Amino acid sequence: QLLGAVYPPWEKLRKEGGEAGRKTLNQYTRYLTVVLAIVQAAAIAASLQASPGLVVNPGPFFSLSTIVTLTGGTMLLMWMGEQITSRGVGNGVSLIIFAGIVAGLPTGVMQLLTVMRTGQMSSFGGVMILVLAIAVIFAIVFMERSQRRILVQYPKRQQGNRMFGGESSFLPLKVNTAGVIPPIFASSLLLLPATAMGFLATANLPQWLQWMPGAVAQLQHGQPVFMVFYGALIIFFCFFYTSIVFNPDETAENLRKYGGFIPGISPGKRTAAYLDHVLTRLTVIGAAYIAAVCLLPEALIAFYKAPFYLGGTSILIVVSVTMDTVTQIQSHLLSHQYEGLIRKSRLRGGRER
């Protein structure tokens, strides 16, 4: 998706290729998925063998079997996600991730009840955590549904003796245009130093690298340094990803092409500048909201020693996927109702004849 916006051949294929271009980009995505899965599986195999006593028979056969198993499982999940998308309701890959997160919720609830029963946490503290989780869910739903509607008008035109046009519509701009991508990117980047340090743990570090383990330890969940970098990266990727998925110049050109205009704003560059101004202000609010949701669990760990970790990214994914799935189910139900009404009207028309 990122390369489709910054790599000219893929950008042309995405904009002008139509259905064939979309299929080609999906095929490229599958190839890249295989490559990434092989690299990650090889890294996992190497890290498992580096742990003393963990692998019974380390060697090339273990590495090969690990790579084949993990890559094959990834391809199976990708195929299942595509089948759910094409034959079911909603984004299949998102639903699979959603199922994996929801499957761990009962364990988290039981862990919370256990620490309350053993006295490690007071009943009031446990109830407050549950209330806070519900409040965060309501806040996510409110912010994800929020949008800035920009009025767009189309001029009237005359064809023969009839007048066409003169209509008005809205251009919706979401407060959170980037979705859940910023926290995913931020957490992935912050995991890289710890992952690299895991491969170097068994090696004898030179004197000038003795500071690395202590620095990497600060990039763990609940550490103040981690929270500062995590929040800064989330805000950065909110602006970065929004600039990729929404192009004000392209939107302004499309409006001008179809005769639409924003009242009080001249078409062309002025419209693009106005859209960029509005979207920047919305992104500030969206970035602050995502950073607050993702940093709240980190603060609970750091300052209140919460006994479990409930990631803000997981909550965002669960709530977003749930809302998208409900919306698609409602659209399917409406389409089936319309099909039934059309079928009934045709039958009644045939009987009247």
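Values in this text are rule-based calculations from the coordinates and carry no lab data. Keep in mind the model is a prediction, meaning the values are calculated, not measured. Quick reminder, even Gly has a Cβ in these numbers, built from the backbone with ideal geometry, and neighbours come from all protein chains shown.
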(request) Please report C294, C238 as a ranked list, fewest other C-beta atoms within 10 angstrom at the top and most at the bottom. (result) C294, C238
(message) Could you list Y31, Y274, Y230, Y7 so that the one with the fewest beta carbons within 10 Å of its beta carbon is first and the one with the most is last?
(response) Y31, Y7, Y274, Y230
(message) Give me a comma-separated list of calculated 3J(HN,Hα) values for segment 38-44, in order, Karplus coefficients 6.51, -1.76, 1.60 applied at θ = phi - 60°, integers in Hz, x for any Gly or Pro.
(response) 5, 4, 5, 5, 5, 5, 5
(request) Return the tail of the calculated pair distribution for segment 1-88, meaning the percent of Cα-Cα pairs more than 17 Å apart. (result) 61
(request) Could you list which residues have their amide H under 5 Å from that of I150, counting only those 5 or more apart in sequence or on another chain, with H placed in the peptide plane? (result) L171, L173
(request) Can you put M121, M128 in order of Cβ neighbours within 10 angstrom, beginning with the fewest? (result) M128, M121
